[in-house]
Structure formats: C-alpha cells, structure tokens
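Inspection log for the structure reproduced underneath, given as structure tokens.
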Amino acid sequence: MLPRQAAIDALKGGDGTLVLRRVTVPVACLADESLKAAADAEGAVSCDVTISSGKITDVSIHDPEPLPGLGRLDARGSMLWPAFVDAHTHLCKTHAVPRCRNPSGSINDALACEVTDQPRWIEPRDVERRMDFALRSCLHHGTRAVRTHLDGTNAPEEALRDRIYQVFDAKRAEYATKGIVLQGVANLYLPLYADLPEMAARHAKDAASHPGVVLGAYCGDVSHGEPGDTDRHLDALFALAHQHGLDVDLHIDENNNPECCGVKILCGALERARAGGYSGSVVLGHVTSLALQTPATQKEVVERLAVLAPVHVVCNPFTNLGLQDRRGTEPPIGKLVPRDEPRTPTWRGLTLLQELRAANVPVAAASDNVRDWWHPYGDYDPLQVWREAVAMGHLDTAPHEGDWADLVTGSAAGAMGVGGGFIAAGEPADLVMFPGARKFSELLARPHGDRVVVRAGVATTTALPEFSELDDLVDGRAVVIDTAQDILRGATKKD
C-alpha cells in the first residue's frame, strides 16, 4: 500500500510535472475508449496519469518502464477517482435531528417535524452554521459540486424566504473560492403552481433572481388527485421555467404506492413543454414508486424518458432505504403502513437504475438528507452513497462496479450541468486518491479516512468538523412532534 504522507508530499504543488504511476481508475471515469478495453473484472484500469499546472495532461495504460527525467510517484495501485459531485442534498435542515427527532421515521412524521422546526431557521446564524458545517464535510470528503434543495423558499413568511436565499448566496460565493460549485433548487408544492398562480409567479421570479438556482417542485402522491390535475400543475411549472429560462429539479414519486406513477404524467407534460420550445434540463429525484409499477408501465416510462433529453434521474439510497415501506406512513403521503404493528420492510425504495441506464437515461446517486428528520445519519461522503447504491441495486454484477462509478462523478456532474467528472487530458486535476484500496473489493470493505483529496493538482489538508460545534443549536431544544398534523409535501400545511 502507498503511505498516505508520500502521496501528500508528491502532490504538494509547484510548476513541475508529476506522473502518478500505477493508479487504478474506474472504467466509468475514463473518457478515452481505448483505455476502457484494459479494464479488469471489477471494471478498473491500471493507468499512469500526468499532472501539470493543476491539470491532467495525459492518461495512459500503466507503463512499467516510464521515460526517465519526470517527477513521478508509484501509487502502488491506489484507486484514483475524479472529485465527487453530490447532486441532491438538503443543506438548510441538515444536522438538526437532535432537536427534532422523527418519532416513526416516516415521511408523514418528517413533514410534521419540518413545520415544527422551520421557525428556528430564522434565528441568527442557525441555517448558516449548519450549512457551513455540511460544506466543510463535503470539502473534506472530496466533493467539487453540490446541489441543495432550498427548503424554506416556499414558506409563507417573507423573512424566512429571504434568509434562506441570503445564506445560500453567501455560501455559494464563499465556497466557490474553496473548490465547490454550489447550486440551489427553489421548491414549491406542485399543485400551487397552477392553483395559486400569483404565488407561483413570485416564487419563480425569486428563483431566477439568484445565480445558480433552478426551479423545483415537491410532487406528492398524485393518485389522490382528480384526472387532469397533475397535467395542469406540471404544465404551469414548465411554463414558468420556460419563461425564466430555468432548469427544473423535481421530487417525484417518493412514496410506496403502486397506484402512484407521477413520472408517467410528467412524460406527457415534458413532451408538451419540449414541443413548445422548452429545452431546459430536468432532474427527477427519487422516482421510487416506479419500481412498484407493472413491467408494461415501467417499460413505457423508461422509453419515453429516453427521448426527452436532457433528463436525469437521481436516486437517494440512504434516505429512501429509511423512508420507504416505513411504519407510520399514511395517505395522502403514501400507502398505509400501520404505525404500531411490528413489521419489517419488504423493499429497498430504489428506482430502476439498471433499466434506466440500459435505455440511455442518465442516472446518479446523492446524499439527500443528512442528520435531519428525513434521515438521521450520514456525512456527505459520496463514496458511502455510492457503496449503498451498488449494494441496494446489485450493480456489482451489472456488469461490474467500475461501470457505475459515474453515479457520483460524471453522471452526477451531468445532472448538475457542471461538466467533467472524468480522468482525462484537459480536465482539472481535482481528484480523490485512496492509498488504502487497490480494488473495488478493498474500497468497499472498510472506511477510508486516509483518502487524499487533490484540488488543482495540490493535496489538501482539511479536517472533519466536530459535531460539538453545533451543540448550542441542538442541546436542550428537543420538541415533541404533533404526529396528527395534516401536512402535504414540501412542508405545506393543508387548508
């Protein structure tokens, strides 16, 4: 194994050229098709990677007899990835779970927690400190781009909406200087786009006035609506997105109900929007109930999505493994799962990753909720997200792990529209090296706190923030949640 300090010393920067010899690169992270042919059974390629002036200048199959005279580091097979991309997070409510614990773990109670905790977000530096804590974790783990859903921008209180945007704008500017591209999604409960057009127009105008923000919606269980309602709601959303030139990012079909297939209705709305000239990128988050549809419906939806590009699907393995088929789920959020009856869940809550990719629909995986009432664990480490997606989706034999490494690199970058995500000549030398792992079976076997994060060709030396930093925001502030509240998706109170 390569000593971590040796990698750090070699990647200390400067004007010279450095050749990383004998690194192991996932096949999905290589742009050169000729290199991919050398992949092993796990989908990894032994490469020599040349770095100069902060960029990758050459990638080639490992040569055991390199030319003399160049600076070089024998990486001894260490895995080398492009920097990670986390395309679906919720930084506004992160790290607040100790003060607002979800009593059942269900989506229903998560919504009740959210409306209970949201008034605290206006307190001085509450959102700012929790968001900054999360972004420092992202930096440490090797992430270069993050998209966060801006919960609170749909609130009726103008002060809260302004606070969320103020914090987002400030952190976007700050972390751009540290190597992270930060994007936001301004969400609204989907029916409000058509049912309250003045509110929706203001919401879209606000989103368009902040750089890096796209338009979003929380789509509930559409099986409860009247025929044609969801078409009308989606048409209104896409009309505003078209008007303001905004991409769209949706929470859709995040439920356990086989009768709910909002993504099928979405296909029709997007077909109409495309015919009307809308060319923006559309990201579909979750899409869990698609896995519960009939094979015929699944095939139809996948085929329709494939011709509506640019469309990307982002799965959230940690959160949906915890939420779907959970006791305490109730209509209209999802199919009833009794709260007080012992019951082990029977499905994973994962969308059709293999079927979508086979049809050339780009798919990615993301952290989603971290230490909040939707998911109480996590640390914004895309490697752990990827590991969970591989395990849940049985991707290790479809055909191998290396073919899916782009879930948190290139494909995730495509969903965000930030480009890159490959180890290729001309790309920035933003990399993550794993000195303790030479194969995927080693990479996925244990934690890798010894990773070396490289930005613009230089190894960084950061530390994970200590949870104790946030003690004053959570200690002694736990509340009892009213689980009888009738809350709709997007933490929208029912009239």
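Taken together, the values in this text are just the output of simple stated rules run on the coordinates, not laboratory data. Note that this is a predicted model, so its numbers are computed, not measured. Quick reminder, even Gly has a Cβ in these numbers, built from the backbone with ideal geometry, and neighbours come from all protein chains shown.
Couple of notes before you dig in:
- Restricting attention to segment 84-416, the count of lysine pairs at 8 or more positions apart or across chains with alpha carbons under 30 Å apart stands at 10.
- Chymotrypsin sites (Phe, Trp or Tyr not before Pro) lying in DSSP loop within segment 287-380, provided at most 15 other Cβ fall within 10 Å: TRP347, TYR377
- Over the chain, relative contact order from alpha-carbon pairs under 8 Å, at least 6 apart, %: 25
- Packing-based order for 429-442, 293-306, using average beta carbon neighbours within 10 Å, highest first: 429-442, 293-306
- Kirkwood hydrodynamic radius over Cα pairs of segment 255-361, then Stokes diffusion coefficient at 20 °C and 1.002 mPa s, in µm²/s: 145
- In terms of the mean number of neighbouring beta-carbon atoms within 10 Å, the peptides 359-369, 262-272, 30-40 order highest first as 359-369, 262-272, 30-40.
- What the pair-distance distribution of segment 1-146 shows, using all Cα-Cα distances binned every 5 Å from zero, is 2, 8, 13, 14, 13, 11, 7, 7, 8, 9, 5, 2, 1 percent.
- Whole-angstrom Cα spans of segment 426-495 along principal axes, big to small: 54, 29, 29
- Protection proxy ranking, peptides 116-125, 47-56, 82-91, average beta carbon neighbours within 10 Å, highest first: 82-91, 47-56, 116-125
- C-alpha center-to-center spacing [segment 216-288, segment 307-374] in angstrom: 17
- Residue-wise HN-Hα coupling along segment 279-291, computed from phi with Karplus coefficients 6.51, -1.76, 1.60 (Hz; x: Gly, Pro): 10, x, 6, 10, 10, 10, x, 6, 6, 6, 6, 4, 5
- Rounded to the nearest 0.05, the FRET efficiency derived from the C-beta distance between ALA38 and HIS210 at R0 = 51 Å is 0.70.
- Within segment 84-416: Cβ-based charge dipole about Cα centre, in debye rounded to nearest 20 (Lys, Arg +1; Asp, Glu -1): 560
- Separation between Cα centres of segment 25-52 and segment 184-210, rounded to whole Å: 44
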